[in-house]
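Remarks on the structure that follows.
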Amino acid sequence: MSTPVLSVSGLTVTYGQLPVLDGIDLDLVAGRVHVILGASGSGKSTLLRALIGMVPSPGQVSARRFLLRTAGGEVDLSTPDAWRQVRGRHVGLIAQDPAQALTPLRRAGSLVREADRLTGGTADRGRVAEVLRAAGFTDPRAVASRYCFELSGGMAQRLGVGLAVAPRPAVLLADEPSTALDGLARARLAATLRQVANDGAAVVLVTHDVALAAGLADDVTTLDDGRLHDGRLAEGVPRHQGIRRIAVSVPPPADRDG
Ligand code: ADP
Ligand code: MG
C-alpha cells in the first residue's frame, strides 16, 4: 500500500469528561474513498472536525501522532498553529449543511476566488467559471454574480462541494453530504467524490447512507463506542464483500433545477 497522505494514531477527543473519540488510528491513502459508517451521535462529525483541526471548545484533542504528507514535506498537525497552512488548502471539508460553507451576503464568485487563491490559482474570471462549471453549473457567469442567500438548496450544495474541491486538497472530508439530496444529485455527488479520489486525493466519507457507501467505498469502517472497527455494510457481510463499484455518469443539470 502506498504511503498514507495523513496518518493519525491515538486520536482522542473529549468534551468535558466524556471521550467521544477514544484512541482512533487512521491512515488515509491517496486515490481511495474511505467510508466511515456510524449511528447518529457516534462521533462522525467530531472525527472530521478533528481531521481538519476545527473541534470547537470545550473539546480537547490529543493524538500520539498526527502527520500530513504534502509535496513540500511532512507537517506535524499536533500543534494548533500548523492548521493555518493546511485547512482548506491541503485538507478540505464538505459540511453536512452547505450553508456552513457559504456566507449569505457574499457572492458565489467571490467565494470561489478565495478558494482558488488558497492554492495560488489565478482567481480570474476564467478560473471562476471553470470551477463553477466543474461544480455542475451550466451558466457559471450568472451564478458567480449571485449572492449566496439567493441560491436554492441544491445550488448551495453544489457550490459547497465546488469550494471544497477547487483547491485540489490532498484530503477531502465529506460529512453526510447526501442527506438533503435527491437521487440525481446524490449520483452526481458520488461521481464527484470518485473523481476527486481518482485525481489523487484521499477521500473520507462519513455517512449512514449505505447505498452511497456501497457504490463508492474502497474500504469501510464503522465508528462505535469512540473507536473504529472493520466495516460491515450489513450484519454478517464482511468488509469488501457486497461492495459493488458503480460507474456514475450524469450530465450537468440546468442551473435552475436545484
Ligand atoms: P455524529 O456526527 O456521529 O452524529 P457528533 O460528532 O456530532 O456525532 O457527536 C458525538 C458526540 O459528541 C455526541 O454525544 C454529542 O453530543 C457530542 N458533542 C458534539 N459536539 C459537541 C460540543 N460542541 N460540545 C459538547 N458535546 C458535543
Ligand atoms: Mg454528524
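List, in order, the whole-Hz ³J(HN,Hα) value for each residue of the stretch 87-103 obtained from phi through the Karplus relation with A = 6.51, B = -1.76, C = 1.60 and θ = phi - 60°; use x for Gly and Pro.
Per-residue couplings from phi come out as 5, x, 9, 8, 10, x, 10, 9, 6, 4, 9, x, 4, 4, 8, 10, 10 Hz.
Could you tell me the convex hull volume per residue, in Å³, taken over the Cα atoms of the stretch 188-228?
Details: hull volume 2.9 nm³, N = 41.
Given the Cα convex hull of the stretch 188-228, per-residue volume reads 72 Å³.
Under the rule of at least 5 residues apart or a separate chain, name every residue whose amide H is placed under 5 Å from the amide H of residue 96.
175
Could you tell me, in Å, what Rg and Dmax come out for the Cα atoms of the stretch 132-192?
So, for the stretch 132-192, Rg and Dmax equal 11.6, 31 Å respectively.
Of 229, 34, how do they rank once you tally other Cβ atoms within 10 Å and put the fewest first?
Details: 229 14, 34 23.
Ranked by crowding around the Cβ, least crowded first: 229, 34.
Mind jotting down the three principal axis lengths of the chain based on Cα atoms? Whole angstrom, largest first.
Over the chain, Cα extents along the principal axes are 47, 42, 35 Å.
Which value results when the Cα radius of gyration for the stretch 1-75 is divided by 2.2 N^0.38 Å? Before the final figure, lay out the partial values.
Values: Rg = 13.0 Å, N = 75, 2.2 N^0.38 = 11.3 Å.
Dividing the Cα Rg of the stretch 1-75 by 2.2 N^0.38 Å gives 1.14.
In the neighborhood of residue 5, defined by Cβ-to-Cβ distances under 11 Å, what is the net charge if each Lys or Arg adds +1 and each Asp or Glu adds -1? Walk me through the intermediate numbers first.
Working: positive: 32, 69; negative: 27, 74.
Value of the local net charge: 0.
Enter the per residue convex hull volume of the stretch 120-232, computed from alpha-carbon coordinates, in Å³ rounded to the nearest integer.
Details: hull volume 14.4 nm³, N = 113.
Taking only Cα atoms, the stretch 120-232 has a hull volume of 127 Å³ per residue.
If R0 is 22 Å, what FRET efficiency do you get for residue 57 and residue 78 from their C-beta distance, rounded to 0.05? Can you show the working numbers first?
On the way: r = 18 Å, r/R0 = 0.80.
After rounding to 0.05, the efficiency reads 0.80.
Report for the chain the percent antiparallel among DSSP-assigned beta bridges with both residues inside it, nearest 5. Write down the numbers at each step before the final one.
Numbers: 26 of 46 bridges.
The antiparallel fraction comes to roughly 55 percent.
At 222 nm, what value in deg cm²/dmol follows for the chain if DSSP H runs of at least 4 each add -39500 (n - 2.57) and the sum is divided by all its residues, to the nearest 500? Show your work: numbers first, answer last.
Working: 8 runs with 73 residues, N = 258.
Calculated at 222 nm, the ellipticity per residue is -8000 deg cm²/dmol.
For the peptides 70-79, 144-153, what is the packing order when you average, over each peptide's residues, the other Cβ atoms within 10 Å and list the highest mean first? It would help to have the intermediate numbers written out before the result.
Details: 70-79: 12.2, 144-153: 15.4.
Packing order, densest peptide first, comes out as 144-153, 70-79.
When a/c is below 1.5 the answer is rounded, else prolate if a/b is larger than b/c, else oblate, so apply that to the stretch 88-181 with a ≥ b ≥ c taken from the square roots of the Cα gyration tensor eigenvalues.
Oblate is the answer for the stretch 88-181, as a/c is 1.5 or above yet b/c matches or exceeds a/b.
What order do you get for 197-210, 94-107 when each peptide is scored by the mean count of other beta carbon atoms within 10 Å, highest first? Write down the numbers at each step before the final one.
Numbers: 197-210: 20.1, 94-107: 16.5.
My ranking of the peptides, most packed first, is 197-210, 94-107.
I need the phi-derived Karplus couplings for the stretch 174-191: 6.51 cos²θ - 1.76 cosθ + 1.60, θ = phi - 60°, integer Hz, Gly and Pro marked x.
10, 9, 6, x, 9, 3, 9, 9, 7, x, 5, 5, 5, 5, 5, 4, 4, 4
How would you classify the stretch 1-42 from its alpha-carbon gyration tensor, with a ≥ b ≥ c the square roots of the eigenvalues: rounded for a/c under 1.5, else prolate if a/b is greater than b/c, otherwise oblate?
Numbers: a/c = 4.26, a/b = 1.77, b/c = 2.41.
Oblate, because a/c is 1.5 or more while a/b does not exceed b/c.
Test of understanding: ordering 155, 54 by Cβ neighbours within 10 Å, fewest first, what list do you get?
Values: 155 23, 54 14.
So the residues, fewest neighbours to most, are 54, 155.
What order do you get for 158, 65 when you list them from fewest to most C-beta neighbours inside 10 Å?
Numbers: 158 29, 65 13.
Ordered by Cβ neighbours within 10 Å, fewest first: 65, 158.
Just check the stretch 51-131 against the gyration tensor rule for me: Cα atoms, a ≥ b ≥ c as the square roots of the eigenvalues, rounded for a/c under 1.5, and otherwise prolate or oblate depending on whether a/b exceeds b/c.
Since a/c reaches 1.5 but b/c is at least a/b, the shape of the stretch 51-131 is classed as oblate.
Quick note: the coordinates plus some simple rules give every number you see, no bench work behind them. All values reported here derive from a predicted model rather than from experimental measurement. Cβ: placed from backbone, ideal geometry, glycine included. Neighbour counts: every protein chain shown.
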